[in-house]
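S.K.: The structure under discussion is supplied below as structure tokens; questions concerning it will follow.
What follows is calculated from the coordinates using simple rules that are stated; it is not laboratory data. Every value quoted in this text rests on a predicted model; they were computed, and no experiment measured them. Here Cβ is always computed from backbone atoms with ideal geometry, including for glycine, and neighbour counts include all displayed protein chains.
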Amino acid sequence: MGSKLVLLSGGVDSAAIVAIAANRNGMRALHVVYNHPAWRAESTSSRAVADHFGIPLDLVSVELPHTGIADACPKCGASGKESCHDCSGY
């Protein structure tokens, strides 16, 4: 049978699904990185969950439209008091 893919946001719900399914052969996790202020925390959490269960984690990066994301850096998603991580867009 082929690989199983779980979407992993880094939150409690997706972490619970990974915990339940972690012992299945060929399981992989997918995390979507996007330009929103929460991306760093979500990515860090997703990596920690995948590492804990020994599951390969694939990252896909998408850029959301900036409408509705007030004062977010268009390159890295930083906003408010947070500084840009690796860019000069904020």
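S.K.: Scan around VAL33 for amide H atoms under 5 Å from its own, H built in the peptide plane at 1.01 Å from N, and keep only partners 5 or more places away or cross-chain.
M.R.: VAL60, SER61, VAL62
S.K.: Around LYS4, which amide H atoms from residues at least 5 apart in sequence, or from another chain, sit under 5 Å from its own amide H, with H modelled in the peptide plane?
M.R.: HN-HN under 5 Å from LYS4: MET27, ARG28.
S.K.: What are the ³J(HN,Hα) couplings of the stretch 10-23, residue after residue, when phi is run through the Karplus curve with 6.51, -1.76, 1.60 and θ = phi - 60°? Round to Hz, x for glycine and proline.
M.R.: x, x, 4, 4, 6, 5, 5, 4, 4, 4, 5, 9, 4, 8
S.K.: Which residues' amide hydrogens lie under 5 Å from the amide hydrogen of GLY10, considering only partners 5 or more residues apart or on another chain, with H built in the peptide plane?
M.R.: ALA15
S.K.: What does the highest-first list of 38-50, 5-17 look like by mean Cβ count within 10 Å? Spell out each step's value before the answer.
M.R.: Numbers: 38-50: 17.8, 5-17: 15.8.
Highest mean packing first, the order is 38-50, 5-17.
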